[in-house]
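The values are calculated or read from the model by the stated rules, or taken from the named source; none is laboratory data. The structure displayed is predicted, hence computed values, not measured ones. Cβ: placed from backbone, ideal geometry, glycine included. Neighbour counts: every protein chain shown. Protein only, heavy atoms only, side chains kept; ligands, DNA and RNA dropped before computing areas. Shrake-Rupley method; radii C 1.70, N 1.55, O 1.52, S 1.80 Å.
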Amino acid sequence: MATKKISSLLSKTFGTSILSSLKGKNINLGRSSVSRYSTCIGLEEPITPPVKVNYTKLLINGEFVNSASGKTFPTHDPRTGNVIAHVAEGDEEDINRAVAAARKAFDEGPWPKMTPYERSRVLFRFADLIDKHSDELAALESWDTGKTYEQASQIELPMISRLIRYYAGWADKIHGLTVQADGPYQVQTLHEPIGVAGQIIPWNFPLLMFVWKVAPALATGNCIVLKTAEQTPLSSLYAAKLLHEAGLPEGVLNVISGFGPTAGAALASHMDVDKLAFTGSTETGKIVSELAGRSNLKPVTLELGGKSPFIVCEDADIDKAVETAHFALFFNQGQCCCAGSRTFVHEKVYDEFLEKSKARAMKRVVGDPFQKGVEQGPQIDLEQFEKVMNYIKSGIESGATIETGGERFGDKGFYIQPTVFSNVQDNMLIAKEEIFGPVQSILKFKDLNEVIKRSNATTYGLAAGVFTKNIDTANTVTRALRVGTVWVNCFDVFDAAIPFGGYKMSGHGREKGVYCLDNYLQVKAVVTSLENPAWL
């Protein structure tokens, strides 16, 4: 979509105040009126990113090449809607080429036949190169996604190189078992690479998700075809180049930029792909699973959406809970699958928590993500911007009280004011559906059994947080919640060794940690008859 068209659409959609458009309707505007959010840095003239875009082609069989069709598509700067670069648009033919390269690399190439120690050395060199080029990678990530440069450089890049080293360390520690059988047999199990892995990553953490997928698959000896999100292809292409610089053989990793209905569908349904890993929305996850099942019944791991409860008990440290709940929701512009998007607060501390949460949101600094001190950049694109604004409108119309925010910020780009709703009820859309934006919904509860029941009354089950000083309360809640991760008196702790994944419609399988290795391994039993054994 051309820049001019995006700017035109943006001025037409939500160009007038939501609150103004609802004037005269029966809406709740806080205890007196909506507190106007005003903290801003650097929206006047966008800062020029300190990086050049050098990689925009498809990576197939160790080379950057044009798409078979010759088509490209634009990737946009969320700060303005302007085009950053035009990227090769892969489709079914390109997926076929990439899968053929990966299959040949697995069946005939050196990667699966290398010693695990040799594979680990490639990954360790890759981590070193990530550290060496972290400034450029962080700048690309910030430019393409709208997340702050400080977040990308100080939080995400260190996590990325750490995770690569974690799986490099695992490469030569993967082994099977010797099994005792009832009879004269020598039994052993082998843990073998699964083959060609198809991987599809999302736009909210493109480089982090690239590494979450690629590192364990490579450590276990597999070959890969990875599809980037069409909104954010740039950092993955750069990282793939560094991985080859670290010594990865050609064909082992192939990266295709393209769209879900074409490239993504071709990868999910490909008969020569042995395993699929997908991170994204629950709706798309269903499609991916169906395509995988209809083709060769390839196993699928899914990391999908969430509507995570953040429970603040009456004995919690309120100041710490307010700050952590703020971080749990607003981090990465609220574009996190595990965002603490249902903030349940005990009725005895609700008013205090609400006032402090409102004040914290009003202090949140929104602006150019390359400006130092900015906490929140723009949403990823026009589609996501409109989706979030529509949820805000829904919250107002359904009777929730808007305490602060609720409006577009600035007159260009996809910025949204940090927004806080109180008096939110469980049946409201803002309490039921994944907003994926800077909108905090604060709900009230009376007792522990009630909040556990309400927290579990969702189709999602990705994560949760609980704030309490009582160890019995913490133990009760952590075991009762049907989610993949529970953070106690903290949130969004993503150590490389901690597994991450969901219950219910938040997916299945685990990312990170030792459990992730199982996604990319087959277990084979080898049984050998023993003749006249000395012992059994």
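Would you please put 370-380, 180-190, 390-400 in order of how densely packed they are, using the mean number of other Cβ atoms within 10 angstrom per residue and starting with the highest?
370-380, 390-400, 180-190
Which order do you get for D317, D518 if you rank them by accessible area with a 1.4 Å probe, largest at the top?
The ordering from most to least exposed comes out as D518, D317.
Using θ = phi - 60° and the Karplus relation 6.51 cos²θ - 1.76 cosθ + 1.60, list the HN-Hα couplings for segment 48-54 in order, rounded to whole Hz, with x at every Gly or Pro.
6, x, x, 7, 10, 8, 10
For E355 and L190 in one chain, what is 0.36 nm times their gap in residues minus the Cα-Cα distance, to one decimal in nm? Before the final figure, lay out the partial values.
Values: separation 165, 0.36 × 165 = 59.40 nm, distance 5.81 nm.
Length gained between E355 and L190: 53.6 nm.
About its Cα centre, what dipole magnitude does segment 108-259 give when the only charges are +1 on Lys and Arg Cβ and -1 on Asp and Glu Cβ, stated in debye to the nearest 20?
For segment 108-259, the charge dipole is close to 200 debye.
If you count only protein heavy atoms with a 1.4 Å probe, what accessible area per residue comes out for segment 53-156, rounded to a whole Å²?
Counting only protein heavy atoms, the per-residue value for segment 53-156 is 42 Å².
Enter the accessible area per residue of segment 350-402 (Å², integer; probe 1.4 Å; all protein chains in place).
Result: 34 Å² per residue.
Calculate the translational D of segment 236-318 in whole µm² s⁻¹ from Stokes-Einstein, where the hydrodynamic radius comes from the Kirkwood formula applied to all Cα pairs, the temperature is 10 °C and the viscosity 1.306 mPa s.
For the chosen part, D equals 102 µm²/s.
For K320 and S394, FRET efficiency with R0 = 41 Å and r from the beta-carbon atoms, rounded to 0.05?
Efficiency computed from Cβ-Cβ geometry: 0.85.
Pairs of Cα atoms under 8 Å, at least six residues apart: use those to get the relative contact order of segment 407-536, whole percent.
Relative contact order for segment 407-536 comes out at 15 percent.
For the chain, build the charge dipole from Cβ charges (+1 Lys, Arg; -1 Asp, Glu) around the Cα centre, then report which of P112, A152, Y167 sits farthest towards its positive end.
Most positive-ward Cα: A152.
Run the simple label-point estimate for C490 and R294 please: 7 Å along Cα→C-beta, distance reported in nm.
Inter-label distance under the simple model: 4.4 nm.
Of the peptides 267-274, 452-459, how do they stack up when ordered by the mean number of other Cβ atoms within 10 Å, highest first? Kindly include the intermediate steps, with their values, before the conclusion.
Values: 267-274: 21.5, 452-459: 16.9.
In decreasing order of mean packing, 267-274, 452-459 become 267-274, 452-459.
Specify which residue in the list F210, N222, L291 is farthest towards the positive end of the charge dipole of the chain, using unit charges on the beta carbon of Lys, Arg (+1) and Asp, Glu (-1), about the Cα centre.
Comparing the listed Cα positions along the dipole, L291 ranks first.
How high is the FRET efficiency between E63 and N470 when r is their beta carbon distance and R₀ equals 56 Å, given to the nearest 0.05?
Computed FRET efficiency for E63 and N470: 0.40.
Under the Karplus relation 6.51 cos²θ - 1.76 cosθ + 1.60, θ = phi - 60°, what is the ordered set of whole-Hz ³J(HN,Hα) values for segment 225-241, x standing for Gly and Pro?
Result, rounded to whole Hz: 10, 10, 9, 7, 6, 5, 6, 9, x, 6, 5, 5, 5, 5, 5, 4, 5.
So if I place +1 on the C-beta of Lys and Arg and -1 on the C-beta of Asp and Glu, and nothing else carries charge, what would the dipole magnitude of the chain be about its Cα centre? I want it in debye, nearest 20.
Once rounded to the nearest 20, the dipole reads 800 debye.
Students often get this wrong, so try it: which of (i) 74, 73, 51; (ii) 87, 57, 42; (iii) 101, 81, 42 is Cα extents along the principal axes in Å as calculated from the structure shown?
From the options (i) 74, 73, 51; (ii) 87, 57, 42; (iii) 101, 81, 42, the structure gives (ii).
Starting with the highest mean, order 355-362, 331-338 by the number of other Cβ atoms within 10 Å, averaged over the residues of each peptide.
Answer by packing, highest mean first, reads 331-338, 355-362.
Could you look at the chain and say what percent of its accessible area is carbon and sulfur, using a 1.4 Å probe and all protein chains?
C and S fraction of accessible area: 51 percent.
Out of the DSSP beta bridges found with both residues in the chain, what percent are antiparallel (nearest 5)?
Approximately 40 percent, going by the DSSP bridge assignments.
Measure off 7 Å from each Cα along the Cα-to-Cβ vector at E383 and E450, then give the distance between these two points in nanometres to one decimal.
About 4.0 nm separates the two model spin labels.
Please compare each pair in K298/K504; K57/K298; K241/K387; K241/K307; K71/K275; K286/K358 to a cut-off of 30 Å on the Cα-Cα distance and tell me which ones are over it.
Too far apart for the 30 Å limit: K241/K387; K241/K307; K286/K358.
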